[in-house]
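Bear in mind that the values in this text are calculations on the coordinates, not laboratory data. Owing to the predicted nature of the structure, the values given are computational and were not obtained by experimental measurement. Cβ placement follows ideal geometry from the backbone for every residue including glycine, while neighbour counts extend to all protein chains displayed.
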Amino acid sequence: MTKAKAVWVKEQQFEGEGSYKIVMDGDKKAGNSPMDLVLIALCGCTGYDVVSILKKKRESLTSLEVHAEGERAPNPPSVYTDIRLVYRVGGKVSRKAVEDAVKLSEEKYCSVAAMLNKTATITYTIEYSEK
C-alpha cells in the first residue's frame, strides 16, 4: 500500500510527503503546483520504464531526459486533455529498441500514463544524440 499526505503550511503552500518530502504551491511561488507534479510523475514513470527496458536489451544508453507539456481543460476540474512528451535519448542505441521501449512504457507499464490516458491524449517524439 502506498501512503502520502499533504500538510498546509501557509497561503497556497503545502508540504507533501510520500517516501520523501516535497513542497507544493498552488500559486507557484515556493514550489511546484500539484498539476506540475503530475507531469513530473509521468516523466519519471515512463523514464524509469524506458531505462529498465533498454538495459534489459543491453543497449548503450548514456542519458535520457523526458520532457512534458500539458494542456488542461478550461473548466474545473481542469484535467489534462493533451500531453506531449519528448524523449531525449543519448548513446549508441538502436532506434527500434528505443521506440519499442517507449511504446511499451506508454501502452503497458507506466501506471501514471494509464491514469492520465483516461482524460488526456498523450503523444510523444524521440530525439537522439550519440553523446
Helix 34-56 against the longest principal axis of the chain: what's the angle in degrees, Cα atoms only, rounded to the nearest 10?
20 degrees
Mind jotting down the distance between the C-alpha centroids of the stretch 49-116 and the stretch 1-34, whole Å?
25 Å
Would you work out which of V102, A114, T81 lies farthest towards the positive end of the dipole of the chain, given +1 charges on the beta-carbon of Lys and Arg and -1 on that of Asp and Glu, about the Cα centre?
V102
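When the helices in the chain are scored as -39500 (n - 2.57) per DSSP H run of 4 or longer and the sum is shared across all residues, what 222 nm value do you end up with, to the nearest 500 deg cm²/dmol?
Working: 3 runs with 39 residues, N = 131.
The per-residue figure over the chain is -9500 deg cm²/dmol.
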For the chain, the longest stretch holding no GluC sites (Glu not before Pro) located in a DSSP loop with at most 14 other Cβ atoms within 10 Å is which?
12-129
Orientation-averaged projected area, Cα convex hull of the chain (nm²)
9.3 nm²
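Pairs of Cα atoms under 8 Å, at least six residues apart: use those to get the relative contact order of the chain, whole percent.
Working: 212 pairs, mean separation 26.5, N = 131.
Here the relative contact order equals 20 percent.
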Rounded tilt (10° steps) of 95-104 against the dominant C-alpha axis of the chain
40 degrees
Give K5/K118; K55/K103; K57/K108; K29/K103; K92/K118; K3/K118 a once-over and call out the pairs whose C-alpha atoms are over 27 Å from each other.
K29/K103; K92/K118
Placed amide H near C110: partners under 5 Å, 5+ positions off or other chain:
none
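Rounding to the nearest 20 debye, state how big the charge dipole of the chain is about its Cα centre with +1 on each Lys and Arg Cβ and -1 on each Asp and Glu Cβ. It would help to have the intermediate numbers written out before the result.
Details: 20 positive and 18 negative charges, 101 e Å.
That gives the chain a dipole magnitude of about 480 debye.
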